[in-house]
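J.: Sharing a structure below in structure tokens format, with a few things to ask.
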């Protein structure tokens, strides 16, 4: 079927979603620590990609995706219902700010909208998915704190220029940095993304690492990127 993105254990239709599948979501879905989590929330689930990746990696967790765009929420639900883990996945068409579940989560994942300024897309749905207006970082942190239990973790992927604003807001709100990875597109280029894990509990020392996607030309992927994404990409 045209427009279907196939992974090793599931497939995703994305024609009704403003934001299509990209490397950012795949990086977060493969990197985030979900191994011992029981109740996982994917904020801004879009196609359902990150929730599906978490379901593949953790055979015990229940997963909820929330998505403010009704068409994307419907398509995420369709993708989840067609997956091997349909019984553990659900979607609600709601903003994070309005989500009032009767449980707390032990893991929140988000590939959030991250453009604070600049020219907006003429497509209102794409603009909403890309720009922070609807979910500023401060709101994401505050509502994640509300929804997480004491040992819960928040994992994000953001552009490198959002590192300082995120860490300043996180420190002010009492979050503790647990892990951070600076992601380079190519070995000789500077980092362009950060993967971040935050929690409320203090660690002795946060873990800092680097990840390079391509080791050479097009489709020459680094060994670390291949290892990380091997369970998902068909060509890895």
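Matching residues to (1) within 29 Å of residue 102 (Cβ to Cβ); (2) buried (at least 24 other Cβ atoms within 10 Å of the Cβ); (3) modelled with pLDDT under 95:
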site	(1), (2), (3)
1	no, no, yes
29	yes, yes, no
33	yes, no, no
43	yes, yes, no
57	yes, no, no
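J.: If you check residue 160 against the conditions, is it under 16 Å from the mean Cα position of the chain (by Cα) and either free of Cβ contacts under 8 Å to residues at least 24 places away in the same chain or over 28 Å from residue 98 (Cβ atoms) (or both)?
T.: yes
J.: Considering (1) in a loop (DSSP other than H, G, I, E, B); (2) surrounded by fewer than 22 Cβ atoms within 10 Å (Cβ to Cβ), say which one residue 77 fails and leave the rest.
T.: Condition (1) is where residue 77 drops out.
J.: Considering each residue of the stretch 169-213, count those that are over 19 Å from residue 112 (Cβ atoms) and either touching a strand residue (DSSP E or B) at 6+ places or on another chain (Cβ under 6 Å) or in a strand (DSSP E or B) (or both), and give that number.
T.: 15
J.: Looking only at residues in the stretch 218-232 that are touching a strand residue (DSSP E or B) at 6+ places or on another chain (Cβ under 9 Å) and assigned to a loop (DSSP other than H, G, I, E, B), which one is surrounded by the most Cβ atoms within 10 Å (Cβ to Cβ)?
T.: 222
J.: Let me spell it out: the conditions are (1) touching a helix residue (DSSP H, G or I) at 6+ places or on another chain (Cβ under 8 Å); (2) buried (at least 17 other Cβ atoms within 10 Å of the Cβ); (3) at pLDDT below 95, and residue 131 meets all of them except one. Which number is the exception?
T.: (1)
The values are calculated or read from the model by the stated rules, or taken from the named source; none is laboratory data. None of these values were measured; they are calculated from a predicted model. We place every Cβ from the backbone using ideal geometry, glycine too, and count neighbours over all the protein chains shown.
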